[in-house]
Amino acid sequence: MTKSYMAKPADVVRQWHVVDAEGKILGRLATRLATVLCGKHRPTFTPHVDTGDFVVVVNAAKVRVTGRKLDQKPYHILSRRPGHMRTKTLREMMATRPDQVIREAVRRMLPHSNLGRRMLRKLKIFKGSTHPHAAQNPQPLAMP
């Protein structure tokens, strides 16, 4: 009889990946990023341990969406004050904060717990094609 493998936080070896978001569809990109951040792409995946890798996303401003989402998908901005909830469309968010659009899409696919918040901290998103994480030698992430 074989025992189940449970990863320990000290045993996890993290890698760095880089993804070029230019021309990628937002939802499909977000599911792949969430999978890598959770560590589900590894055979040593353990649900209660953060076994995921770091991901650097470049060209976030050039991500695509399908259908009529640019004008119909709302984003709610909360200021924690009564009556101060603002609503912007995806088109307005892409013009001002394209990194926030990708971060929200990935955040909603991660666990809604302390573990999910820790996973989200490993996601680095940049509008342009340059990033300051070249010293970590990130490898290109294969996108299906």
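The values are calculated or read from the model by the stated rules, or taken from the named source; none is laboratory data. Predicted, not measured: the structure shown is a model, and the values here were computed from it. Note that each Cβ is placed from the backbone with ideal geometry, even for glycine, and that neighbours are counted across all protein chains shown.
Take the range 51-61 and flag every residue that is under 13 Å from residue 12 (Cα atoms), out of contact with any Leu (no Cβ under 6 Å at 6 or more places or on another chain) and of a type outside the set (S, T, N, Q). Give the derivation first.
Of the range 51-61, the ones under 13 Å from residue 12 (Cα atoms) are 51-54.
The next check asks that each one be out of contact with any Leu (no Cβ under 6 Å at 6 or more places or on another chain); those that pass are 51, 53-54.
Once the filter is applied, which keeps residues that are under 13 Å from residue 12 (Cα atoms), out of contact with any Leu (no Cβ under 6 Å at 6 or more places or on another chain) and of a type outside the set (S, T, N, Q), the range 51-61 yields 53, 54.
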Open item on the list: Scan the range 87-97 and tell me whether some residue there is modelled with pLDDT of 95 or more and within 21 Å of residue 141 (Cα to Cα).
Closed with: no
- [ ] Could you please find all residues in the range 121-144 being surrounded by 15 or more Cβ atoms within 10 Å (Cβ to Cβ) and assigned to a helix (DSSP H, G or I)?
- [x] 136
- [ ] List every residue pair whose Cβ atoms lie under 7 Å apart, where the two residues are 6 or more positions apart in sequence or sit on different chains, the first residue falls within the range 8-23 and is in contact (Cβ under 8 Å) with a residue 60 or more places away in the chain, and the second residue, located anywhere, is among the small types (Gly, Ala, Ser) and assigned to a helix (DSSP H, G or I).
- [x] 21/60
Task: Complete set of residues in the range 79-99 that are free of Cβ contacts under 8 Å to residues at least 24 places away in the same chain and under 23 Å from residue 127 (Cβ atoms) - done: 86, 87, 88, 89, 91, 92, 93, 95, 96, 97
Task: Among (1) more than 26 Å from residue 8 (Cβ to Cβ); (2) touching a strand residue (DSSP E or B) at 6+ places or on another chain (Cβ under 9 Å); (3) of a type in the set (S, T, N, Q) - the single one residue 136 does not satisfy - done: (1)
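Can you tell me which of 26, 120 is closer than 23 Å to residue 10 by Cβ, under 13 Å from the mean Cα position of the chain (by Cα) and modelled with pLDDT of 95 or more?
Working: 26 fails: closer than 23 Å to residue 10 by Cβ.
Result of the check over 26, 120: 120.
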Open item on the list: I'm checking my understanding of the structure. Among residues of the range 56-86 that are at pLDDT 95 or above and among the hydrophobic types (A, V, I, L, M, F, W, C), which one is farthest from the chain's Cα centre (by Cα)?
Closed with: 70
